[in-house]
Amino acid sequence: MAMALATLFLVFLAFTTAVNSCPPSDRAALLTFRASLTEPYLGILNTWTGSECCQNWYGISCDPTNGRVADITLRGESEDPIFQKAGRSGFMTGSISPSLCNLDRLHTLVVADWKGISGEIPACLTSLPHLRILDLIGNKLTGPIPAGIGQLSRLTVLNLADNQLSGSIPPSIVNLGSLMHLDLSNNQLSGEIPTDIGKLSMMSRALLSRNQLTGSIPSSFTRINRLADLDLSMNRISGSIPPQLGSMPVLSTLNLDSNQISGEMPAGLLGNGGLNIVNLSRNSIEGRMPDVFCSKSYFSVLDLSYNNLNGWIPKTMSNARYVGHLDLSHNHLCGSVPLGVPFDHLEGSSFAANDCKP
């Protein structure tokens, strides 16, 4: 009986070891990926030695049920002791090898904040069926966003910010039905935002600032009931503000500054008690400020400067519960500055350069 139990244990141990071992194909893909990179300061890729890529390879973790590589997490800005000991953030050059596309059980791909990684995003990454997080922020990647990005049906995070990507936002992006976080900011993207971007019903953050995007703000944004943060600032967006933005249930931050937006400000926008940060500055918005402030109005930031607003400063502004930073300068507004809380801490510059055109 004891011998049978011992044999059974050895069989189980052999099975467990086999499951947790690194498949040669995964190891080969990682080594090819490593060969395309140069990391001269921290030596983190020097840990990628031996046959067991699931054990003690920096930034690599595997699925314990099948031994396949599941996560690659390489961040150039990290609290890891390696970075703290070196007293510096990471720097890496090279490119992202298409060999990663052979890791067909990959859930997470983070190669972020290395500053010097260049080249294009391999198009074949869009064929990874289990990918949930794609984070390549803070490099020097060029070329387009892969046209087939919409094939990643399980993707929840797409972060390609702070690179040099060009071309348009692929129409297929609206097929990412599980996407929660989208950050394409600080690139060189052009063209219009897909009109049916509202199909991304799970999205809570859409950050598209500091690009060269044109066209109008798609009204379909207003169908994303989970959207809390919308940043389209510093583009070339024109047209008017969709009125329905003011009725979005959880929208907290709205940055549309430094565009070519025109038309009047929707009344419901400043009447939305959930909006906390609103920056519409440096556009061509005209007409009167809506007189809709109330005890639920709580603005950490309300910046309407450098527009064509006219008429009187709304009397209801004095009803606002809190206004942290207010800038109404460089418009055509009339009237006196509201007195008392929450405006007693504001400086005169908040209302400067208004020439009163009732």
Answer label for Kirkwood radius over Cα pairs in Å (calculated), chosen among (1) 19.9; (2) 23.2; (3) 20.7: (2)
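With an 8 Å Cα cut-off and a minimum separation of 6 or more residues, compute the relative contact order for the range 315-358 in percent. Before the final figure, lay out the partial values.
On the way: 55 pairs, mean separation 22.1, N = 44.
RCO, the range 315-358: 50 percent.
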Accessible surface of the range 74-130 [probe 1.4 Å, protein heavy atoms]: carbon and sulfur percent: 49 percent
Förster-model FRET efficiency, 30 Å R0, HIS332 and SER247, C-beta, rounded to 0.05: 0.60
Hypothetical label at VAL301: residues of the range 247-261 whose amide nitrogen lies under 14 Å (7 Å Cα-Cβ projection): 252-259
Förster radius 56 Å - calculated FRET efficiency between TRP312 and GLN164 (Cβ-Cβ, nearest 0.05): 0.75
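What percent do you get for the relative contact order of the range 211-358 when only Cα pairs under 8 Å and 6+ apart count?
Details: 398 pairs, mean separation 23.6, N = 148.
It comes to 16 percent, rounded to a whole number.
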Cα centroid of the range 246-304 to Cα centroid of the range 102-119, whole Å: 37 Å
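Would you please classify the overall shape of the range 28-148 from the alpha carbon gyration tensor, given that a ≥ b ≥ c denote the square roots of the eigenvalues, rounded means a/c under 1.5, and beyond that prolate means a/b larger than b/c while oblate covers the rest?
Values: a/c = 1.71, a/b = 1.10, b/c = 1.55.
Verdict is oblate for the range 28-148.
Report the net charge of residues surrounding THR126, where surrounding means a beta-carbon distance below 14 angstrom and charges are Lys +1, Arg +1, Asp -1, Glu -1.
Values: positive: ARG132, ARG154; negative: ASP104, GLU120.
Around THR126, the charge tally is 0.
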Cross-link pairs LYS315/LYS357; LYS85/LYS115; LYS199/LYS296 - those with Cα-Cα distance over 28 Å: LYS199/LYS296
With Cα atoms, 0 to 90° folded angle of helix 2-20 axis to the chain main axis: 50 degrees
Cys with no candidate disulfide partner in the chain (beta-carbon separation under 4.7 Å rule): CYS294
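Just reorder CYS101, CYS294 by solvent-accessible area, largest first, 1.4 Å probe, all chains present.
Numbers: CYS101 25, CYS294 50 Å².
In descending accessible area the options line up as CYS294, CYS101.
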Solvent-accessible area per residue for the chain (1.4 angstrom probe, square angstrom): 44 Å²
Inter-site label distance for GLU347 and THR93 at 7 Å from Cα along Cβ, in nm: 4.4 nm
Cα-based helix-to-principal-axis angle, 24-35 vs the chain, degrees rounded to 10: 50 degrees
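Give me the percent relative contact order of the chain, please, defined on Cα pairs under 8 angstrom at least 6 residues apart.
On the way: 952 pairs, mean separation 25.4, N = 358.
For the chain, the relative contact order is 7 percent.
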Surface share of carbon and sulfur [accessible, 1.4 angstrom probe, percent] for the range 131-195: 49 percent
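The values are calculated or read from the model by the stated rules, or taken from the named source; none is laboratory data. Note that this is a predicted model, so its numbers are computed, not measured. Cβ: placed from backbone, ideal geometry, glycine included. Neighbour counts: every protein chain shown. Each accessible area value is taken on the protein alone, full model and side chains, heavy atoms only, with ligands, DNA and RNA left out. Shrake-Rupley method; radii C 1.70, N 1.55, O 1.52, S 1.80 Å.
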